[in-house]
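Asks: Below you'll find the structure I mean.
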Amino acid sequence: MAEQRAYSELYVADIIQTQARVFELFCEDFPSLDVRKIITDFMCSKYRAALDRGDFQWVNMTPGEWVKYFLDLPECQDKSGWALEDGQQPLDSLVAYWAGLIYSEYQWTYNVTSKWLVKVLPVTKLERIFDPLHTIGESRAVEVIHERWLTGQTRDYQQTHPGNSLRG
């Protein structure tokens, strides 16, 4: 029996690109905030969970619409939790874009939720491994990340979430 997915493979490339652009928009729109925290909150949000489940309202939205709906959440109104720490550098928009690609591709490839993924693979980790992994293509980078850092954790997740993990 084939593994069920939350949405058709026809949408994967669009979702990957849209999420990457959303993360880039976070950098452009909030240069004085810690976009690492914004990305983490986005990945744990009810809207990203809806996309994990294949909610076509989200699949068909533009990056700007994703940002707007996310920022309209009550928990996003007070942005003081997203402040940069003293001396902390903002997240580079290229790294943010790449993180969006990697998270979406990993989530699709290994059929895990975005909320789980950002907890076991924090943005700060992606930031540290950006060089040289961004040069080998997203699919290969996801394979390397999985093989080097997440094989056991992903296997444990899949065993505790049998069937289609994104629908449960």
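FYI, it's all coordinate maths here, none of it is from the lab. Fair warning: this is a prediction, and the values are worked out from it, not measured in the lab. Here the Cβ is made from the backbone with ideal geometry for all residues, glycine too, and neighbour counts use every protein chain on show.
Asks: Nearest 0.05, what FRET efficiency do residue 83 and residue 155 give at R0 = 35 Å with Cβ-Cβ as r? The partial results should precede the final answer.
Replies: On the way: r = 37 Å, r/R0 = 1.06.
After rounding to 0.05, the efficiency reads 0.40.
Asks: Additional query: Which of the peptides 115-121, 22-28, 154-160 is most tightly packed, and how do the rest follow, going by the mean number of other Cβ atoms within 10 Å of each residue? Numbers along the way, then the final one.
Replies: Numbers: 115-121: 18.3, 22-28: 21.6, 154-160: 13.1.
Highest to lowest by the protection proxy: 22-28, 115-121, 154-160.
Asks: Please enumerate, by chain and number, the lysines with C-alpha under 20 Å from the C-alpha of residue 125, excluding those fewer than 8 residues away in the same chain.
Replies: Leaving aside lysines fewer than 8 places away in the same chain, those within reach of residue 125 are 37, 115.
Asks: Related question: With a point put 7 Å past each Cα toward its Cβ, work out how far residue 57 is from residue 29 in nm, to one decimal.
Replies: Each label point lies 7 Å from its Cα, and together they span 1.8 nm.
Asks: Between [x] -0.81, -0.93; [y] -1.09, -1.17; [z] -0.96, -1.03, which matches log10 I(q)/I(0) by the Debye sum over Cα atoms at q = 0.15, 0.16 Å⁻¹ calculated for the structure shown?
Replies: Comparing each candidate, only [x] matches the computed number.
Asks: Tell me what the chain gives for mean residue ellipticity at 222 nm when only DSSP H runs of n ≥ 4 count, each as -39,500 (n - 2.57), the sum divided by the residue total, rounded to 500 deg cm²/dmol. Provide the component values of the computation, followed by the final result.
Replies: Values: 10 runs with 101 residues, N = 168.
The per-residue figure over the chain is -17500 deg cm²/dmol.
Asks: Another question, if that's okay. Using a Förster distance of 22 angstrom, determine the FRET efficiency expected from the C-beta separation of residue 44 and residue 139, and round it to 0.05.
Replies: Working: r = 25 Å, r/R0 = 1.13.
That gives a FRET efficiency of 0.30.
Asks: Follow-up. Using a cut-off of under 20 Å, list every residue of the range 67-100 whose amide N is near the label point 7 Å from the Cα of residue 125 along the Cα-to-beta-carbon line.
Replies: Label zone hits: 91-92, 95-100.
Asks: Ranked highest first by average number of other Cβ atoms within 10 Å, how do 133-139, 50-56 line up?
Replies: Values: 133-139: 14.3, 50-56: 17.9.
Per-residue mean Cβ counts within 10 Å order the peptides as 50-56, 133-139.
Asks: Got the relative contact order for the range 58-168 handy, in percent, Cα pairs under 8 Å and 6 or more residues apart?
Replies: Details: 45 pairs, mean separation 28.6, N = 111.
It rounds to 26 percent for the range 58-168.
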